[in-house]
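Colleague: Below: one structure in structure tokens.
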Amino acid sequence: MARQGALEAYNTKRDFTKTAEPKGVPGRKRGNSFIVQKHSATRLHYDFRLELDGVLKSWAVTRGPSLNPDDKRLAVRTEDHPLSYADFEGSIPKGEYGGGTVMLWDQGIWESMAGKNPHKTLEEGHLHFTLHGERMKGEWLLVRMKPRPGEKRENWLLRKIEDEHAGGSDDLVDHEITSISTGRSMAEIAAGAPAISLKGKRGAAFERAMDEARRTTLPMQHRRRGKATPLPTFRKPQLATLVDHVPTGNAWLHEIKFDGYRALLAVGSDGARIYTRTGLDWSERFAPIVDAARAMALPPSLIDGEIVVFDANGNPSFSALQKALTEGRGDFVMFAFDLLVLNGADLAAQPNIARKEQLAALLPEDGPIRFASHVIGAGEKLLDAMCRAGQEGIICKRADAPYLGRRTKAWLKVKCTLRREFVIVGWTPSSARARPFASLLLAQNRGGKLAYAGKVGTGFDADTLAMLARKLKPIARKSAALDVPPAEARGARWVSAKLVAEIAFAEFTSDNVLRHASFIGLREDKMPKDVATEEPVEIAALPDVKITNPGRVIFPEAKITKGALADYYRRLGVVMLPWLARRPISLVRCPQGRAKQCFFQKHDSGSFGNDVHHIPIVEKDGKPDDYLYVEDLRGVLACVQMGTIEFHGWGARVDDVERPDRLIFDLDPDEGLDFVDVKRAAKDLRKRLSDIGLVSFPMLSGGKGIHVVVPLTPDAKWPVVKDFAERFARALAEMEPERFTATMSKAKRKGRIFIDWLRNQRGSTAILPYSVRARPGAPVAVPVSWKALDGIEKAGAFTMKDEKALLKHAGSRDLAGWGMAAQTLPDV
């Protein structure tokens with residue numbers, strides 16, 4: 001037991017007749033739990049607590065934990081807390097010590113690094129440990145800072161150590177906003193908090209309402225509807241075509257080819273189900289994955305992926321998966337690589353890269369259901385790494401392709417070793433007493449009938465031999481189900497063609513018979529009728545859009561030509577598509593170059609060709625007119641061919657143009673203001689939006705300002721969204737009139753920042769991520785993280801010539817999940 005005196009400070013600070021917090025009573029001495037509590041007191045912070053010597057050693061982490069190893073978060077040491085505090089979630093009365101709302105934000109166990117004595121290192125001023133929590137995982141470090149003269153508090157720094165659990169600076173605190181114990185938001189925990197409205201609030205009244213709204217934050221991530229949502233139905237999965245080399249160029253995404261079972265995970269309010277590639281319900285066989293999906297509180301969705309089991313070396317192993325299924329247990333992991341349905345919306349028509357961006361925002365990179373990451377280009381390097389690691393190969397996917405439930409050349413597979421499926425048609429007896437058979441006879445469907453393909457006699461362990469013997473016995477037959485060469489058939493025992501096996505081999509002979517075959521496992525998810533020969537096909541070069549006059553100078557001051565502009569969009573178009581594809585667009589066209597006549601165009605007279613599509617939208621006069629949109633890279637390049645430099649998009653997709661999927665506040669500074677003022681304004685908007693429950697993201701406009709982007713679940717219609725944006729912007733402007741204006745007038749903008757809310761009305765557009773701007777030097781509109789914004793000196797920090805850095809930036813850890821959040825407008 002801990003010393004009673006260890007909790008003296010805790011008990012002295014609290015009046016237990018007024019607070020529901022537990023009294024400080026020492027607990028057991030040998031536990032290793034940890035908890036994190038989100039605490040909205042005088043300032044929002046996160047209380048990090050490690051169990052040691054029967055108490056919870058505690059630190060207040062002012063900005064919350066960061067998964068970025070470069071971040072050092074201030075952690076102020078506080079009094080020890082009793083172990084019973086690990087269950088506390090609720091409100092501490094105002095006026096009491098720590099008054100405010102407390103959420104149980106994370107929990108798990110911790111362990112000191114091998115060879116480290118935590119009692120000793122804590123006294124010395126450092127703790128090196130591993131966390132196994134629901135949100136905080138992996139290796140972490142706490143280091144005490146050298147105290148300044150007269151400083152009473154004990155300041156430490158909390159830092160993530162680089163490992164597979166590392167991530168972006170804002171991944172945890174911005175996206176994990178509900179209790180891991182009750183699923184409640186801070187607002188729901190603050191029991192009985194009154195509804196807060198901003199309507200009619202101005203100046204000081206608005207400030208008071210915002211302060212109160214801060215304590216009644218609405219839930220954001222994966223917000224569930226009140227009505228029941230049925231499970232999405234099974235659909236046929238897309239299949240990959242075998243090729244013998246990796247396609248080149250940035251039009252392709254490359255993923256690891258996992259050695260497991262293909263599966264579709266359906267999630268709804270009724271629970272979750274797992275389907276095989278043929279539509280069999282294997283929810284019971286993969287019960288741990290189903291349970292994990294339920295526990296994650298995912299929104300209604302249909303997720304495509306591969307279920308694996310790791311071997312002793314930490315690699316996905318089909319043999320280990322087979323054994324786990326046979327024994328009815330196993331540490332299954334689902335690598336999710338596609339999202340077909342989300343919140344009732346069918347995403348199949350969206351580009352692959354857009355579907356993956358939305359999937360990345362839903363799933364972590366670890367745990368039983370995890371996001372399968374990819375690389376853009378560089379497929380040969382990935383294949384080489386996989387082959388050296390003894391893995392199966394890679395899958396290459398067109399970044400701009402829709403999801404089709406059949407085998408296509410938009411998905412390709414490149415294998416490190418030859419592996420195929422074969423039908424078992426017989427077996428040969430073994431002379432060894434302990435071995436039920438010597439080899440299996442195999443076949444494939446060729447020309448509409450079964451054809452003999454050889455034997456396999458290796459790759460079996462004792463358990464596999466016994467399992468196969470049990471499965472072969474009930475399907476025995478007297479004669480062969482196909483023609484087999486007499487020499488091969490001698491002494492064989494025959495079975496009906498009902499079992500499918502996966503076999504690794506060196507090559508086929510000239511007679512189409514296997515050489516050096518080795519058994520991998522049974523494929524219970526595949527039907528014998530579907531087992532056919534599969535030969536690598538040639539990869540046809542992707543059709544390109546011809547760019548005429550490529551030598552024409554478009555940016556005279558930077559000497560950038562039309563051909564160079566097309567090359568930029570050819571390479572960066574893949575990371576533009578999540579924001580650009582299937583969205584009505586307006587184009588800034590400069591056919592003779594930036595310095596000459598440029599104009600906006602949102603309608604097409606037919607000159608753009610078949611790769612640029614049209615959607616009829618009813619305009620103010622009640623008559624429909626065709627607006628432009630693109631779906632793929634060819635569409636982007638077709639626009640460039642027609643002299644386009646800038647791409648501006650609506651706030652809604654063509655799937656439902658009346659329901660916006662984002663809010664944008666464009667911070668446009670007066671000429672005399674510094675970019676530092678704009679950054680400070682953007683962060684103030686972020687705080688105000690967060691106070692009322694909205695996650696936001698910054699984007700450099702490539703001009704003078706910053707766009708604060710607020711993703712939305714397409715729910716509210718344009719009038720509601722416009723009204724919210726206007727009231728929010730005008731209230732901020734009235735609260736700080738010396739800094740902001742919500743009026744477009746140049747005269748009223750003097751020395752102020754215009755909060756441009758007008759982009760949130762029907763028909764208005766905003767510059768899209770990674771679009772080049774028709775300005776001197778060819779600057780680019782670039783999404784950034786809030787952390788990275790601190791070090792940026794101007795809105796045009798990136799130019800078209802930074803394309804390699806931009807491509808790397810787009811795939812960086814800090815930008816993971818940028819612009820993605822399942823949230824609706826709060827009722828304020």
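The values are calculated or read from the model by the stated rules, or taken from the named source; none is laboratory data. Note that this is a predicted model, so its numbers are computed, not measured. Glycine gets a Cβ as well: all are built from the backbone with ideal geometry, and neighbour counts include every protein chain shown. These area figures cover heavy atoms from the full protein model, side chains too; ligands, DNA and RNA do not enter into them. Shrake-Rupley method; radii C 1.70, N 1.55, O 1.52, S 1.80 Å.
Colleague: Does a label point 7 Å from the Cα of ASP270, set along Cα-to-beta-carbon, have any residues of the range 297-324 with amide nitrogen under 15 Å, and which are they?
Modeller: From the range 297-324, the list is 300-302.
Colleague: Skip the ligands, DNA and RNA, and give the accessible area per residue of the range 557-612 with a 1.4 Å probe, whole Å². Could you put the intermediate results ahead of the total?
Modeller: Details: 2210 Å² over 56 residues.
Result: 39 Å² per residue.
Colleague: If r is the Cβ-Cβ distance from LYS72 to ALA487 and R0 is 56 Å, what FRET efficiency results, to the nearest 0.05?
Modeller: Values: r = 72 Å, r/R0 = 1.29.
Given R0 = 56 Å and the Cβ-Cβ separation, E is 0.20.
Colleague: A further question follows. For HIS613, HIS707, what's the largest-to-smallest order of accessible area, 1.4 Å probe? Write out the running numbers ahead of the final one.
Modeller: Details: HIS613 50, HIS707 5 Å².
Final ranking, largest accessible area leading: HIS613, HIS707.
Colleague: Return the subset of LYS455/LYS529; LYS57/LYS152; LYS397/LYS562; LYS381/LYS804 for which the Cα-Cα distance in this structure is over 22 Å, preserving the input order. Write down the numbers at each step before the final one.
Modeller: Working: LYS455/LYS529 19 Å; LYS57/LYS152 18 Å; LYS397/LYS562 28 Å; LYS381/LYS804 17 Å.
Checking Cα-Cα distances, LYS397/LYS562 exceed 22 Å.
Colleague: With just the Cα atoms defining each centre, how far is the range 724-754 from the range 56-98? Give it in Å.
Modeller: Using only Cα atoms to place each centre, the spacing works out to 37 Å.
Colleague: Further, regarding this structure: Lys and Arg at +1, Asp and Glu at -1: add these up for the other residues within a Cβ distance under 10 Å of PRO591 and post the number. The partial results should precede the final answer.
Modeller: On the way: positive: ARG552, LYS562, ARG589, LYS596; negative: none.
Taking every Cβ under 10 Å from that of PRO591, the sum is +4.
Colleague: Compute the projected area of the convex hull of the Cα atoms of the chain, averaged over all viewing directions, and report it in nm² to one decimal place. Please report the intermediate quantities before stating the final value.
Modeller: Working: hull surface 170.8 nm².
Its Cα hull, projected and averaged over all orientations, spans 42.7 nm².
Colleague: While we're looking at this one, here's another question. Could you report the accessible area of ARG634 in Å², rounded to 10, computed with a 1.4 Å probe on the protein chains as they sit in the structure?
Modeller: Roughly 70 Å² of ARG634 is accessible to a 1.4 Å probe.
Colleague: Starting from the Cα of SER181, step 7 Å along the direction of its Cβ; do the same at ALA432; then give the gap between the two resulting points in nm.
Modeller: Placing both labels 7 Å along Cα→Cβ, they lie 5.7 nm apart.
Colleague: Tell me, in nm to one decimal, what length is gained between ASP311 and ARG294 on full extension, where the rule is 0.36 nm per residue of separation less the Cα-Cα distance?
Modeller: Details: separation 17, 0.36 × 17 = 6.12 nm, distance 2.61 nm.
Here the segment from ASP311 to ARG294 would lengthen by 3.5 nm.
Colleague: Here's a follow-up. Taking R0 as 45 Å, what's the FRET efficiency between LYS152 and ASN117 from their Cβ-Cβ distance, rounded to 0.05? Write out the running numbers ahead of the final one.
Modeller: Values: r = 28 Å, r/R0 = 0.61.
With a Förster radius of 45 Å, E is 0.95.
Colleague: Please state, to two decimals, what the Cα-based radius of gyration of the range 303-368 comes to when divided by 2.2 N^0.38 Å (N = residues). Write out the running numbers ahead of the final one.
Modeller: Values: Rg = 14.5 Å, N = 66, 2.2 N^0.38 = 10.8 Å.
Cα Rg divided by the expected 2.2 N^0.38 Å: 1.35.
Colleague: Quick test of your reading: applying the under-4.7 Å Cβ rule, which cysteines of the chain are isolated?
Modeller: Within the chain, the cysteines lacking a partner Cβ under 4.7 Å are CYS396, CYS639.
Colleague: How much of the accessible area of the range 490-614, in percent, comes from carbon and sulfur atoms when a 1.4 Å probe is used?
Modeller: On the way: 3010 of 6050 Å².
Summing carbon and sulfur atoms, their accessible area is 50 percent of the total for the range 490-614.
Colleague: Could you check how many percent of all C-alpha pairs in the range 487-642 are farther apart than 21 Å? Intermediate values should be presented prior to the final figure.
Modeller: Working: 7917 of 12090 pairs.
Looking at the range 487-642, the distances longer than 21 Å represent 65 percent of pairs.
Colleague: Further question on the same structure: At 7 Å along Cα-to-Cβ for each site, give me the label-to-label distance between ASP625 and LEU239 in nm.
Modeller: My value for the distance between the label points is 4.8 nm.
Colleague: Can you give the FRET efficiency for THR326 and ALA9, using 1/(1 + (r/R0)^6), R0 = 60 Å, r = Cβ-Cβ distance, to the nearest 0.05?
Modeller: Working: r = 56 Å, r/R0 = 0.94.
Using R0 = 60 Å, I get an efficiency of 0.60.
Colleague: Using protein chains only and a probe of 1.4 angstrom, how many square angstrom of TYR46 are accessible, to the nearest 10?
Modeller: Rounded to the nearest 10, the figure is 10 Å².
Colleague: Right, something else. Quick one: grab the alpha carbon gyration tensor of the range 120-164, order the square roots of its eigenvalues as a ≥ b ≥ c, and give me rounded if a/c is under 1.5, else prolate or oblate depending on whether a/b is larger than b/c. If you can, show how the numbers build up before the last one.
Modeller: Values: a/c = 2.87, a/b = 2.35, b/c = 1.22.
Here the range 120-164 falls in the prolate category.
Colleague: Contour minus end-to-end for GLU726 and HIS132, with contour as 0.36 nm per residue of separation and end-to-end as the Cα-Cα distance? Walk me through the numbers on the way to the answer.
Modeller: Numbers: separation 594, 0.36 × 594 = 213.84 nm, distance 4.48 nm.
Full extension from GLU726 to HIS132 adds 209.4 nm.
Colleague: At what distance in angstrom do the alpha carbon centres of the range 552-595 and the range 443-457 lie from each other?
Modeller: 53
Colleague: Going 7 Å from the Cα of VAL676 in the Cα-to-Cβ direction, what parts of the range 775-792 have a backbone nitrogen less than 17 Å from that spot?
Modeller: Counting only backbone N, you get 789-792.
Colleague: Report in % the part of the accessible area of the range 1-97 that belongs to carbon and sulfur, leaving out ligands and nucleic acids; probe 1.4 Å.
Modeller: Values: 2200 of 4530 Å².
About 49 percent, which is the carbon plus sulfur part of the accessible surface.
Colleague: Rounded to the nearest whole Å², what accessible area per residue is found for the range 464-556 with the 1.4 Å probe? Please report the intermediate quantities before stating the final value.
Modeller: Details: 5380 Å² over 93 residues.
Averaged over the residues of the range 464-556, the accessible area is 58 Å².
Colleague: Long-range amide H contacts for VAL654: which residues qualify at under 5 Å (H placed 1.01 Å from N, peptide plane, sequence gap of 5 or more or a different chain)?
Modeller: So VAL654 has HN proximity to ARG583.
Colleague: Still on this structure, I have one more. With a 1.4 Å probe and all protein chains kept in place, how do SER812, SER771, SER431 rank by accessible area, largest first? Could you put the intermediate results ahead of the total?
Modeller: Numbers: SER812 40, SER771 0, SER431 125 Å².
Result, largest first: SER431, SER812, SER771.
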